[in-house]
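The values are calculated or read from the model by the stated rules, or taken from the named source; none is laboratory data. For clarity, every value in this text was computed on a predicted model and none was experimentally measured. Glycine also receives a Cβ, built like all others from the backbone with ideal geometry; neighbour counts cover every protein chain displayed. Ligands, DNA and RNA are excluded from the accessible area calculation, which covers all protein heavy atoms including side chains. Shrake-Rupley method; radii C 1.70, N 1.55, O 1.52, S 1.80 Å.
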Amino acid sequence: MKHLIETILYFPLYLYFFLRNRFLLNKEIDRWYEVLPIQKSTSILYNAIWLLSNLKEFRSILYFRYKVNKYNPLLIFFPPQYGLYIASDQKIGKGLVFQHGFSTIINCEKMGDNCQIWQGVTIGKSHSGINQPRPIIGNNVKICTNAIVLGGITIGDNVTIGAGAVVIKSVPDNCTVVGNPAKPISHN
């Protein structure tokens with residue numbers, strides 16, 4: 001019964017995304033089910049409805065990807081994750097997954113494919129001002145809870161940034177960094 005009600009309630013939102021770019025929607029759905037510890041159904045509609053109804057972070061990233069403006073009535077009936085801020089001029093690759101997006105700020109120059117971000121993460125400028133440099137994040141990067149990445153630095157591919165780390169210097173590929181200031185603890 002609950003699934004039927006969710007399907008009826010969230011079908012308009014699914015239809016909105018599906019009709020605008022179904023391939024993008026299907027890629028995002030596949031990536032979220034690949035990363036999250038939830039059982040994937042054989043029904044694409046069921047998978048989409050489940051994500052849309054249960055994960056506001058998923059809705060937030062779709063609103064960003066589909067460039068839904070703040071006056072769209074969808075936001076009234078299907079709110080995004082409040083406390084999750086993604087700057088509107090971002091270049092974010094496919095497959096971005098938020099593991100609890102609350103109190104998270106994403107303001108980078110560019111972010112690669114298949115990144116995972118936990119709650120409380122701040123990515124942004126090291127100083128206030130319009131022309132201050134922002135970080136560039138590579139592919140397959142995991143940024144754990146309450147990590148901070150600041151300034152015009154580059155985070156390489158396949159990097160894990162530990163919980164609570166403060167990253168103010170560039171990080172090479174295939175590293176794990178932790179601490180304040182962040183230092184590499186492993187390099188593969």
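Give the longest segment of the chain that steers clear of chymotrypsin sites (Phe, Trp or Tyr not before Pro) in DSSP loops with at most 12 neighbouring Cβ atoms within 10 Å, not counting the sites themselves. Display every interim value, and only then the final one.
Working: sites that count: Tyr71, Tyr82.
Maximal segment without exposed cleavage sites: 83-188.
When restricted to Cα atoms, region 5-146 yields an Rg and a Dmax of 15.1, 49 Å, respectively.
From Cα pairs below 8 angstrom and at least 6 apart in sequence, can you work out the relative contact order of the chain, rounded to a whole percent?
Working: 395 pairs, mean separation 21.4, N = 188.
Reported relative contact order: 11 percent.
Extending 7 Å from Cα along the Cβ direction at Asn54 and again at Asn21 yields two label points whose distance is 2.6 nm.
Close amide-amide hydrogen proximity is noted between Thr104 and Leu84, Tyr85, Gly120, each under 5 Å apart and 5 or more residues distant or on a separate chain (H modeled in the peptide plane; Pro and chain starts excluded).
The residues of the chain have, on average, 53 Å² of accessible surface per residue, using a 1.4 Å probe with all protein chains present. Extension gain for Thr145-Thr42 works out to 33.9 nm (0.36 nm per residue, less the C-alpha to C-alpha distance). Modelled spin-label separation between Asn131 and His3, with each label point placed 7 Å from Cα along the Cα-to-Cβ direction: 5.7 nm.
The stretch between Ile185 and Glu34, if pulled fully straight at 0.36 nm per residue, gains 51.6 nm over its current Cα-Cα span. Label sites at Lys91 and Asn72, each approximated as a point 7 angstrom past Cα along Cα to Cβ, lie 2.3 nm apart. Ignoring any ligand, DNA or RNA, what whole percent of the accessible area of the chain comes from carbon and sulfur when the probe is 1.4 angstrom? Answer for the chain is 58 percent, counting heavy atoms of protein chains only.
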